[in-house]
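The values are calculated or read from the model by the stated rules, or taken from the named source; none is laboratory data. For clarity, every value in this text was computed on a predicted model and none was experimentally measured. Neighbour counts run over all protein chains shown; Cβ positions are idealised from the backbone, glycine included.
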Amino acid sequence: MRRTLKFFLLLITPLILIHFESETRVSLHDLYPQSNKIYKDRNGKILRWVPDSRGERHIWTPLEKIPSYVQEAFISAEDQRFYRHPGVDFLAIIRAAKSNLMEGKIVSGASTITQQLSRITYPRKRTYYDKFIELLRSLRIEGLLNKKQILELYLNKAPMGNNLIGIQAGAKVYFGKALSRVTHSEAALLASLPKAPGKLNPYGKNMSSLLGRKNWVLQKMHSNGYINSKILNLSVKDRPLLKAKTFPFGSPHFVNHVLESSANHKTTIDLYLQRRVEQILKSHQFRLKRKAAHQASVVILDNKNSEILSLAGSIEYSKRHQGFNDGARALRSPGSTLKPFLFAQVLEEGLNTSTVLEDIEKKYKSPQGIYRPVNFNKKSYGPVSLRNSLGNSLNQTAVSLLNTIGYSSFYKKLQSMDLINFPSRGPEHYGLGMVIGNPEVTLVQLASAYAVFARGGLFLPAKYIIDGKTEKEIRIFSEEASYILTDMLSDPSARDITFGDFFSQKLPFKVALKTGTSTNYRDSWIVAYTAKHTVAIWVGNFNGQPTIGLSGAEGSGPILFDILNELYPNDSPSLLNKPAGVISREVCSYSGMKPNKFCPHVKRELFIDGKEPKEFCNYHNDSEGTHDLPPRFAIWLHKKYRKGVEGNYRLAGFSKNLEHVFQITDKLSIDGTKKHQHVNSSIEITNPINGEIFIMDRKEERYEIELNAFSSMPIKEIIWYLNGKEYERVRPPYQTKWHFSRGIHTITATSPGYLGDSVQIEVR
C-alpha cells in the first residue's frame, strides 16, 4: 500500500508542477499594454484618441513622469506595504482573515498592487483556487520585475471607470489636464477609483461616496507621512472640478486620412491654427449660402518641408450638406489654377514676361474634336504680354501657348508634381483643355504643387506625419523661372483687366495668388503663397451643384483674406529672394522688345539672364504714336474698329486710314476651276480647320460658316475659293461668310505672288 502511495505521489507531483507552471506563467508581452492610437498635433496637443478593440482608452505614461504624490496616493489607497513585501502581503492576509472571521463576512481584502496587476492582466474567477493561482503568479511577477516597474504597470493599467484605463487617461478626461498638473485632491480622487470604478463613477449618482473615499485616501497619505497637515486640510475641503465626458476630435478629415495611411501619431497639424481656420469657414457660411454654395475646404502648408499645418475638409464635420465628405482630398476640376505651371514652363523654354501673345479667337483641332476656347468674360484683348495674360487669366492665350509647346510636354510636367491622378488617361484624353482644368486634382495636391514656386522650383509631396524622415526634393522648375513666375502672380497691376483692384484693396501686403473657376461655376478656387506658407481654398458643393455665379475671386477670395490676416497679423510676409540669374531690362510696353526712340511707353521687366529681348521694337516706326500690329491681329482689330475702339493700333504695312484698310469688297460670283494645293505659306486659314465636320439639322438646306485667314506679311487682298471656284476677294481682316450645303468641300485662300492655304471640311 505504501509503495503504491509513493509511486502515485512520484507520478502525480510532476504533473502538478507542470500544471502550476503553465497556470502561473507570466509574459512581459502581456504585462506591458499596447497604447491606444493617439494622434497629436505638432505641439503635442491631442487631436484624436482612438479606443482599442474593447472600447477602452489608455495612455502609457512612464513612472518618472508621474508625480511622486500621485504614486503615494495609490500606494496609500491600495498597498501601504508595497515596498516591503515580495508580491504577497502575508501579514495583511492574516489581518484580513482575522477581521473577516470576527465579522462573519468579508470586510477587508489583502490584495497587493502586484496581485491587482496579475488580476488585471490575467482575469480569473473569484474562487479560492483562482486566488491561489493569482498569489503564485504575483510572486513570479516580483521575481521578473522590480518594484518601480510593477508600480508603473499598475498605474497604467488600473481601471478608472467609463472605459478609461490608467491614471493619465483618468486625468485627461475627468479634469481636462495632464497628470503632471493634478492637485493632491485630484490625485486622491483618482486613487479612489480602482476599488470600485463602476460604483464610484465620477459621473454617477454616488459622488458623496467618491468624495468620502477621496478624503480617506488623503488621511492615509497623511498617516504614512506623504503629506503634511496643511495639505491634508486644504485637500479635504477641495472638491475637484470635473469636466464633461468628451474626447478630443480635432481636424477630423486630416486624422481620418492619417488613420488610413500611418501608424505614427505625431502629426504636422497646428491645432490652434486649425481651430481658427474652422471658425473662419463658419463665418463665411451665410455669405456662401446666398450664392448656393454650401461647402468649402482649406489646406495650409509650411513651405519649408511641405508639412500640412491645417486641413479643413468641409465647413462643419456633420451630415449637413454632406459635411463628412473630405473636400481637401476630393478630385475636382481646378479651372485656371493650372495655368502658372504652363507659364513657368514657357519661361524656361525661352519666352519672357514681356513676350506678346495673341488673345484672339481661334479654333484648334484636338483628339476630342474642334476646340474653341473663350475668355472668362467672353472678350478678346488682342496683343497682351505674358505677364498680363497670366495675371488676368486669359484662356485664349493659355491654350495658344499649350498648342505651341504641345500638350504632351505639359502633361509630363503636371505628372512630375503628382497632378495627374489617372495615368491610364494619356495627354490625348485631356487635350488642350488641360491648361484650363481638365485634369482632376485635389486641394492638397494643388497646394503642394504651388509650394514648388515658393521653394524655388523644388517639389515635395504634402507631409502629414512628423517622423524625422527627409524626403528627396525633385527639381521641377529653375530658381529663375520660379522667381519670375512669383513676381507675375504677385503683381497687382497685371490683374487690372479682370480683377481691377479687388485683391490690392483687401490685402495690405503682396502675395502670389491665382484663382480658378470651373465650368458653370461649380468650383471656386484660390491658391496663394508667400515664402513661408501656401494656402489653397475651394468653395462649391459636394454634389456638383453649380453656384450662382461664384468665381474664384468672389467665392474663395474673402476666405483667403481672413486666413492671411490670421497668419500675418502684425507683419508683411516675404516672397522669394532674387536669384543671380534674374536680370532687369527696359522694354517697350506694347511690343515687349528693346525700345527704340519712337516707343511712347517704356517699362522695366524681369528676364532669365540670356533670354532678354535682342531686337528693337518694330511696333513703332514714326513719331505719330501708332502701334503697328502684325497681320495675325487683323480680325481682332477689325472687330474693335467696328465697335469704334481701335485706339492707336494699325496693321503693319497698311494705311493709317483704318476705314480704308478694313473696307470689304462686295461678293464676287466668278466662275473658274483653278485649284490651289495646301502648302506651308504666308497665308493661313484659321477657320474652318482642316478635317472639321459640321452637323446640319435635317430641315436645313444651307449652312453658314465664317471664313477667316491671316497673313504673316502685309497683303492688300486675299482671294477665297470654294471647290476650285473663286468666291470672294477681301481686304484685311480677310474674313467673310459662306453658305454651303451638305458634302465634302475644299476651301482655299490665296493671293497673287503668295503661297496660299487649303483645308477640307465635311458637312453632314
Practice task
Kindly list, by first and then second residue, each pair from a residue in the range 409-425 that is in the same structural domain as GLU440 (by TED's automatic domain parsing) to a residue that is surrounded by fewer than 19 Cβ atoms within 10 Å (Cβ to Cβ) and hydrophobic (A, V, I, L, M, F, W, C), limited to pairs with Cβ atoms under 7 Å and residues at least 6 apart or on different chains.
Solution key: SER416/ILE474; ASN421/LEU331
Practice task
Would you confirm whether any residue within the range 631-646 is modelled with pLDDT of 75 or more, in contact with a strand residue (DSSP E or B) (Cβ under 7 Å, 6 or more places away or on another chain), among the small types (Gly, Ala, Ser) and surrounded by 12 or more Cβ atoms within 10 Å (Cβ to Cβ)?
Solution key: yes
Completion exercise
Condition set touching a helix residue (DSSP H, G or I) at 6+ places or on another chain (Cβ under 7 Å) and surrounded by 17 or more Cβ atoms within 10 Å (Cβ to Cβ), scope the range 567-578, selection nearest to VAL277 (Cα to Cα): answer is LEU575
Fill in the blank from the handout: Of all strands (runs of 3 or more DSSP E) fully inside the range 291-408, the set with 2 or more residues that are out of contact with any His (no Cβ under 8 Å at 6 or more places or on another chain) and at pLDDT 95 or above is 295-302, 307-312
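For every residue, the table says whether it meets (1) among the basic types (Lys, Arg); (2) more than 23 Å from PRO373 (Cα to Cα); (3) in contact (Cβ under 8 Å) with a residue 60 or more places away in the chain; (4) not in a strand (DSSP E or B).
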position	(1), (2), (3), (4)
ILE689	no, no, yes, yes
ASP697	no, yes, no, yes
LEU707	no, no, no, no
PHE710	no, no, yes, no
GLU728	no, yes, yes, no
TYR734	no, no, yes, yes
HIS739	no, yes, no, no
ILE744	no, yes, no, no
GLU762	no, no, yes, no
Practice task
Mind telling me which of the residues ALA330, ALA293 ends up being buried (at least 23 other Cβ atoms within 10 Å of the Cβ), over 18 Å from LYS45 (Cα atoms) and not β-branched (Val, Ile, Thr)?
Solution key: ALA293
Completion exercise
Of the residues in the range 112-156 that are touching a residue at least 12 places away in the same chain (Cβ under 8 Å) and part of a loop (DSSP other than H, G, I, E, B), the one that is nearest to ALA191 (Cα to Cα) is THR112
Practice task
Among the residues of the range 210-253, count how many are surrounded by fewer than 19 Cβ atoms within 10 Å (Cβ to Cβ) and small (Gly, Ala, Ser).
Solution key: 5
Practice task
Filter the helices (runs of 4 or more DSSP H) completely within the range 466-527 down to those with at least 2 residues that are modelled with pLDDT of 90 or more and either aliphatic (A, V, I, L, M) or closer than 25 Å to VAL582 by Cα (or both).
Solution key: 479-489
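On the given criteria, is ASN377 of a type in the set (S, T, N, Q), surrounded by fewer than 19 Cβ atoms within 10 Å (Cβ to Cβ) and within 30 Å of ASP467 (Cα to Cα)?
no
Residue under question is TYR430, and the condition is that it be of a type outside the set (Val, Ile, Thr) and out of contact with any Asp or Glu (no Cβ under 9 Å at 6 or more places or on another chain); does it hold?
yes
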Completion exercise
Checked pairs for the range 161-187, first assigned to a helix (DSSP H, G or I), second among the small types (Gly, Ala, Ser), C-beta under 7 Å and 6 or more apart or across chains, list as ILE167/ALA158; ALA171/ALA178; LEU179/ALA171; HIS184/SER235; SER185/SER235; ALA187/ALA73
Completion exercise
Just one listed residue, out of ALA536, ALA553, ALA531, is at negative phi and part of a loop (DSSP other than H, G, I, E, B), and it is ALA531
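Do you know which of the residues in the range 560-611 that are among the charged types (D, E, K, R) and either in a loop (DSSP other than H, G, I, E, B) or without any contact (Cβ under 8 Å) to a residue 12 or more places away in the chain (or both) is nearest to THR355 (Cα to Cα)?
It comes out as LYS611.
Could you please find all residues in the range 77-111 being assigned to a loop (DSSP other than H, G, I, E, B), at pLDDT below 60 and not charged (D, E, K, R)?
Matches in the range 77-111: GLY104, ILE106, VAL107, SER108, GLY109.
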Exercise for the section: Tell me, yes or no, whether the range 518-532 has at least one residue that is closer than 23 Å to GLN274 by Cα, surrounded by fewer than 19 Cβ atoms within 10 Å (Cβ to Cβ) and touching a Ser or Thr at 6+ places or on another chain (Cβ under 8 Å). Expected result: yes
Practice task
Select from the range 299-326 the residues that are free of Cβ contacts under 8 Å to residues at least 60 places away in the same chain, crowded, with 20+ Cβ neighbours inside 10 Å and either assigned by TED's automatic domain parsing to the domain that holds ALA454 or not aliphatic (A, V, I, L, M) (or both) and list them in ascending order.
Solution key: SER310
Practice task
Considering only residues that are over 19 Å from LEU234 (Cα atoms) and assigned to a helix (DSSP H, G or I), look in the range 188-206 and name the one that is farthest from the chain's Cα centre (by Cα).
Solution key: LYS195
